[in-house]
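The values are calculated or read from the model by the stated rules, or taken from the named source; none is laboratory data. Nothing here was measured: the structure is a model prediction, and the numbers come from that model. No Cβ is skipped: glycine too gets one built from the backbone with ideal geometry, and neighbour counts run over all protein chains shown. Just the protein is used for accessible areas: all its heavy atoms, side chains included, with ligands, DNA and RNA removed. Shrake-Rupley method; radii C 1.70, N 1.55, O 1.52, S 1.80 Å.
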Amino acid sequence: MKKIIIVEDNRKNLELFKAVLGMIPNLEILAKENGKDGLELIISEEPDIILLDIQLPDMKGTDICKELRKMEKFFHTPIIAVTSFAMKGDKARIIEAGFNDYVSKPLNILEFRKKIQNIIEVEAF
Ligand SMILES: [Mg+2]
């Protein structure tokens, strides 16, 4: 059983993430809608994958990612950014913050599911 934590404040997006990820077998899905609660849950649950919205009401996803990367137990955890910006330079900023990858909103459902499945399969080895 793998565990993913989603931190996303947009209800519609969160429901979409849950619906798409719900199709992957043996994946436990936990979610929070703000940065503070999300960070706490991540630290206590130590998920296998983390999906972080960049724009949250109380924190930036990039700051959460930087915080996590300071902790040894999250050095190698795959952390995926959820971003609605499509601007040049954002990718570099996201990677600099310590993210492994990112997905853009509006979500490409097939691409997203494939990305998560690939991570789970790689982790399984
Ligand atoms: Mg948001």
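Numerical summary
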read-out	value
Candidates L51, L56, filtered to the one that is within 14 Å of the ligand (Cβ to nearest atom) and closer than 21 Å to N26 by Cα	L51
Entirely in the range 1-68, the strands (runs of 3 or more DSSP E) that have 2 or more residues that are of a type in the set (D, E, K, R)	2-7, 27-32
Those residues of the range 1-27 which are open to solvent by 70 Å² or more (accessible area, probe 1.4 Å) and over 17 Å from L110 (Cα atoms), in sequence order	M1, R11, K12, N26
Residues of the range 31-48 satisfying the condition of being surrounded by 15 or more Cβ atoms within 10 Å (Cβ to Cβ) and either more than 16 Å from the ligand (Cβ to nearest atom) or not basic (K, R) (or both)	A31, E33, N34, G35, G38, L39, L41, I42, P47, D48
Cβ-Cβ under 7 Å pairs, at least 6 apart or on other chains, the range 33-59 side farther than 16 Å from M71 by Cβ, far side modelled with pLDDT under 95 and aromatic (F, W, Y)	none
